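Quick note: the coordinates plus some simple rules give every number you see, no bench work behind them. Please read all numbers here as calculations on a predicted model, not as lab measurements. Cβ placement follows ideal geometry from the backbone for every residue including glycine, while neighbour counts extend to all protein chains displayed.
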């Protein structure tokens, strides 16, 4: 197997960014790439161009009615896809489909043995539900990944690890009753931050009881608190021996993000990536895909995502 990390970047992904000063602007990928290039990481990873998902792929997670709604809004180029966080713009359907398609291309290449790990900065849109947009997220790329892993590759036990400052509600509730999706989500306490979910007693329902771990962090929590929480994450994942690992490494949990109140440094993200790469080697034949998620302070997201990429390319 080739040991390279595939890095998905390109204009089609950069277009998934909202205009007019929106926090999730189209400059986020470029901010990351400048820092990754400064560190020489672009030479250690294999760059891959974005790919746009087709309708059939999107319907693996999303409802046809919802896809039609997004198409209409994309053609009109105005209005909102939710209650005010996620504005439509011309071409938003195609931009969001590029997020999903790039993730699926990375999955295919990983499963065919071209690479061991992937990183996609513009991805991890974890608030999108099957039938609606939410929180800057139009299509849930990781949800489509999970469905594709099952349909095309026969992978059942998938670990979804989310360290974005916001709870990954779109993934969590889609699989809340699914015992084979192992969730570990470390986020700011929902009593203080959108979307207000992810409480510690939310551990899965029915036969999935106990397969989900939510770790709400108090406002102001820093690296030391994260490292302690991470021990619980690893213990949880090891209980279920996942066959595939997905990391959503939102950088909005770093100190100074304008939308949240945690105070991590990029060391937290480096630690998560390093430990998950090792865990994936132990249980999942090395199969690990990482997605940038949130992050609204450009220097923060540049350093956090570069720290993740550095660990992925340097991991054994």
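Scattering from the C-alpha atoms of region 199-316 alone, worked out with Debye: what is log10 I(q)/I(0) at q = 0.18 1/Å?
Reported log10 I(q)/I(0), two decimals: -0.99.
Evaluate E = 1/(1 + (r/R0)^6) for residue 94 and residue 203, where r is the Cβ-Cβ distance and R0 equals 41 Å; express this FRET efficiency to the nearest 0.05. Let's see the in-between values first.
Working: r = 38 Å, r/R0 = 0.92.
Computed FRET efficiency for residue 94 and residue 203: 0.60.
Run the numbers on the chain and let me know its relative contact order in percent, using alpha-carbon pairs under 8 Å that are six or more apart. Working shown, then result.
On the way: 723 pairs, mean separation 58.8, N = 316.
Once divided by the residue count of the chain, the mean separation gives 19 percent.
Which of rounded, prolate or oblate describes region 124-207 when judged by the alpha-carbon gyration tensor and an a/c cut-off of 1.5? Don't jump to the answer; show the numbers that get you there.
Values: a/c = 2.03, a/b = 1.36, b/c = 1.50.
Verdict is oblate for region 124-207.
Among 279, 47, 213, which one moves the most in a GNM of the chain with springs linking Cα atoms closer than 10 Å?
Ranking 279, 47, 213 by mean-square fluctuation puts 47 first.
Three principal axis extents, largest first, for the C-alpha atoms of region 5-314, in Å?
Ordered largest first, region 5-314 gives principal extents of 48, 46, 43 Å.
Could you give the distance between the Cα centres of region 166-193 and region 27-81, to the whole Å?
About 22 Å separates the Cα centre of region 166-193 from the one of region 27-81.
Could you sort 141-149, 190-198 so that the peptide with the highest average Cβ count within 10 Å comes first and the rest follow in order? Let's see the in-between values first.
Numbers: 141-149: 23.8, 190-198: 16.7.
Final packing ranking: 141-149, 190-198.
Can you classify region 57-204 as rounded, prolate or oblate using the Cα gyration tensor, where a ≥ b ≥ c are the square roots of its eigenvalues, rounded means a/c under 1.5, and otherwise it's prolate if a/b beats b/c and oblate if not? Don't skip to the answer; put the middle values down first.
Working: a/c = 1.75, a/b = 1.09, b/c = 1.61.
Judged from the Cα gyration tensor, region 57-204 comes out oblate (a/c at least 1.5, b/c at or above a/b).
Taking 0.36 nm per intervening residue step and subtracting the Cα-Cα distance, what contour gain separates residue 130 from residue 43 on full extension?
27.6 nm
What translational diffusion coefficient, to the nearest whole µm²/s, does region 46-142 have by Stokes-Einstein, given a Kirkwood radius computed over alpha-carbon pairs, a temperature of 20 °C and 1.002 mPa s viscosity? Working shown, then result.
Numbers: Rh = 13.7 Å.
Rounded, D is 156 µm²/s.
Rounded to the nearest 500 deg cm²/dmol, what is the calculated helix-only ellipticity per residue at 222 nm for the chain, with -39500 (n - 2.57) per DSSP H run of length n ≥ 4?
Values: 10 runs with 124 residues, N = 316.
Computed mean residue ellipticity for the chain: -12500 deg cm²/dmol.
Rounded if a/c is under 1.5, else prolate if a/b beats b/c, else oblate: with a ≥ b ≥ c from the C-alpha gyration tensor eigenvalues square-rooted, which is region 17-83? Numbers along the way, then the final one.
Working: a/c = 3.61, a/b = 1.64, b/c = 2.21.
It is oblate, given that a/c is not under 1.5 and a/b is not larger than b/c.
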